[in-house]
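See structure below.
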Amino acid sequence: MIHEQRIRTAGFRSHPSKRILVTGGAGFLGSHLCERLVNSGQEVLCVDNFYTGTKVNLGGLLDSSRFELIRHDITFPLYVEVDEIYNLACPASPVHYQYDPVQTTKTSVHGSINMLGLAKRLNAKILLASTSEVYGDPEVHPQHESYWGRVNPIGPRSCYDEGKRCAETLFFDYRRQHNLSIKIARIFNTYGPRMLPDDGRVVSNFVVQALTDRPITIYGDGSQTRSFCFVDDLIDGLIQLMNTTDDITGPINLGNPTEFTILALAQLIVELTGSKSCIDFKPLPIDDPKQRRPNITQARQILGWTPTVSLHAGLLKTIAYFDNLLTADAIA
Ligand code: NAD
Ligand code: UDP
Ligand code: UDP
């Protein structure tokens with residue numbers, strides 16, 4: 001094992017730490033994951049091309065001796081030495097992944113091939129941050145891992161949905177062909193501090209609009225549903241999945257099974273912020289899924305994982321984060 005060799009050479013540490021690569025580590029989920037891993041004593045190598053990630057997200061880590069940051073686009077090969085790989089690199093907001101759709105597909109497909117090639121050379125465990133979008137606009141509700149999904153292969157969301165579906169295929173083929181230890185998490189809508197104010201996803205949009213008393217932009221009539229997971233819960237799930245034995249591959253749904261309409265989300269955010277915002281109904285984007293809720297039986301049974309943070313509690317933390325950010329920006 002690489003880390004054992006390294007620690008033997010270093011010769012001073014009593015608890016061997018793992019060396020962990022996090023791609024997309026400067027993004028919303030990635031920065032929380034890096035922080036959690038470093039705080040638990042691991043060595044983290046964060047790789048990011050800063051497409052939607054920022055160094056600011058990593059503020060607290062940049063001085064840590066257990067943390068390293070490389071600016072790199074994973075669609076190009078990467079030669080480093082690590083024990084585990086969390087492959088999170090990929091823009092996740094529809095606004096950002098549709099801005100350069102070819103690059104989005106390349107990131108999921110070429111990027112995954114490179115990270116799988118790296119894992120193969122090192123015999124490292126590798127986890128894919130996949131998505132509930134692999135279920136598309138689902139006819140089965142709630143969504144169980146056994147559902148194959150209903151994805152439009154040629155629409156504006158396809159670069160993301162089909163990119164992730166192909167990444168899942170590649171993960172399973174590297175396992176079948178090269179016996180790699182793989183883990184696939186299908187992540188459902190997750191929110192929290194460190195989303196960008198202009199991220200474009202619904203929670204950050206509504207919170208920023210509410211805090212600035214601007215109209216809340218609901219796409220469609222707001223009857224579509226999503227199930228929102230607070231970031232801390234999600235990170236627990238990712239780490240628990242990575243730490244399972246090699247026979248556990250997933251895909252495993254990770255998300256909060258409590259479902260809300262987008263209209264109810266808007267009303268809750270207006271109430272919690274005490275905002276004067278009105279609601280502005282806008283056209284529904286093409287192929288926007290009408291309903292989404294994870295069946296998390298597998299996560300409960302295999303990982304012993306279940307989300308603990310309610311939408312109300314998670315939103316209060318998210319609102320406090322954006323409130324501070326907007327106040328600091330106003331002062332600067
Ligand atoms: P994000 O946009 O905040 O983070 C993505 C990170 O990947 C950014 O730091 C970005 O700069 C980086 N990146 C993008 N392309 C890259 C490339 N080619 N090479 C290197 N770095 C690259 O998004 P997020 O919400 O943190 O999502 C992280 C991962 O989790 C993504 O793979 C996403 O598909 C998945 N996911 C997230 C959610 C969610 O609700 N947050 C839901 C489902 C899946
Ligand atoms: N790769 C990488 N780092 C490594 C090993 C491989 O980035 O440490 C990339 C390399 O670009 C390669 C891809 O991963 O094209 C797939 O590797 P694999 O060994 O599966 O296939 P091959 O090298 O035969 O194309
Ligand atoms: N949405 C909305 N207003 C916004 C942003 C998003 O009504 O300002 C809707 C969007 O159409 C979708 C839901 O909220 O029905 C979740 O959108 P998001 O982009 O956060 O995630 P995804 O569609 O990928 O689940």
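The values are calculated or read from the model by the stated rules, or taken from the named source; none is laboratory data. None of the values given here were measured: they were computed from a predicted structure. For neighbour counting, all protein chains shown are included, and Cβ atoms are generated from backbone atoms with ideal geometry for every residue, glycine included.
Looking at segment 37-46, can you tell me whether even one residue there is within 12 Å of ligand 1 (Cβ to nearest atom) and touching a Gly at 6+ places or on another chain (Cβ under 8 Å)? Within segment 37-46, one or more residues are within 12 Å of ligand 1 (Cβ to nearest atom) and touching a Gly at 6+ places or on another chain (Cβ under 8 Å). The numbered conditions (1) in contact with a helix residue (DSSP H, G or I) (Cβ under 7 Å, 6 or more places away or on another chain); (2) assigned to a helix (DSSP H, G or I); (3) not basic (Lys, Arg) are all true for Thr75 except (2). Could you grab me the full set of residues in segment 168-218 that are of a type in the set (Ser, Thr, Tyr) and either more than 29 Å from Ala124 (Cβ to Cβ) or crowded, with 19+ Cβ neighbours inside 10 Å (or both)? Of everything in segment 168-218, those that are of a type in the set (Ser, Thr, Tyr) and either more than 29 Å from Ala124 (Cβ to Cβ) or crowded, with 19+ Cβ neighbours inside 10 Å (or both) turn out to be Tyr174, Ser181, Thr190, Tyr191, Ser204, Thr212, Thr217.
Let's see how each residue does on (1) among the small types (Gly, Ala, Ser); (2) buried (at least 19 other Cβ atoms within 10 Å of the Cβ); (3) free of Cβ contacts under 8 Å to residues at least 60 places away in the same chain:
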{"site": "Leu284", "(1), (2), (3)": "no, no, no"}
{"site": "Asp288", "(1), (2), (3)": "no, no, no"}
{"site": "Arg293", "(1), (2), (3)": "no, yes, no"}
{"site": "Ile296", "(1), (2), (3)": "no, yes, yes"}
{"site": "Ile302", "(1), (2), (3)": "no, no, yes"}
{"site": "Trp305", "(1), (2), (3)": "no, yes, no"}
{"site": "Leu316", "(1), (2), (3)": "no, no, yes"}
{"site": "Thr327", "(1), (2), (3)": "no, no, yes"}
{"site": "Ala332", "(1), (2), (3)": "yes, no, yes"}
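Kindly evaluate Ser146 against the criterion of being at pLDDT 95 or above, away from ligand 3 (no atom under 12 Å from the Cβ) and not in a helix (DSSP H, G or I). Spelling it out, Ser146 is indeed at pLDDT 95 or above, away from ligand 3 (no atom under 12 Å from the Cβ) and not in a helix (DSSP H, G or I). Check segment 306-315 and report whether any residue there is polar (S, T, N, Q), at pLDDT 95 or above and farther than 30 Å from Asn179 by Cα. There is at least one residue in segment 306-315 that is polar (S, T, N, Q), at pLDDT 95 or above and farther than 30 Å from Asn179 by Cα. Tell me yes or no: at least one residue of segment 120-135 is in contact (Cβ under 8 Å) with a residue 12 or more places away in the chain, farther than 24 Å from Ala299 by Cα, more than 16 Å from ligand 1 (Cβ to nearest atom) and of a type in the set (A, V, I, L, M). Yes, there is a match, as at least one residue in segment 120-135 is in contact (Cβ under 8 Å) with a residue 12 or more places away in the chain, farther than 24 Å from Ala299 by Cα, more than 16 Å from ligand 1 (Cβ to nearest atom) and of a type in the set (A, V, I, L, M). Once segment 86-108 is narrowed to residues that are among the hydrophobic types (A, V, I, L, M, F, W, C) and away from ligand 3 (no atom under 13 Å from the Cβ), the residue that is surrounded by the fewest Cβ atoms within 10 Å (Cβ to Cβ) is Val102. Of the residues making up segment 1-34, just one is closer than 14 Å to Asn87 by Cβ and either among the hydroxyl-bearing types (Ser, Thr, Tyr) or modelled with pLDDT under 50 (or both), namely Thr23.
If the condition is being of a type in the set (Val, Ile, Thr) and more than 17 Å from the chain's Cα centre (by Cα), then segment 185-223 contributes Val207, Val208, Thr212, Ile216, Thr217, Ile218. When segment 78-104 is examined, which residues are found to be outside any loop (DSSP other than H, G, I, E, B) and free of Cβ contacts under 8 Å to residues at least 60 places away in the same chain? If the condition is that a residue be outside any loop (DSSP other than H, G, I, E, B) and free of Cβ contacts under 8 Å to residues at least 60 places away in the same chain, then Pro101, Val102, Gln103, Thr104 are the ones that fit.
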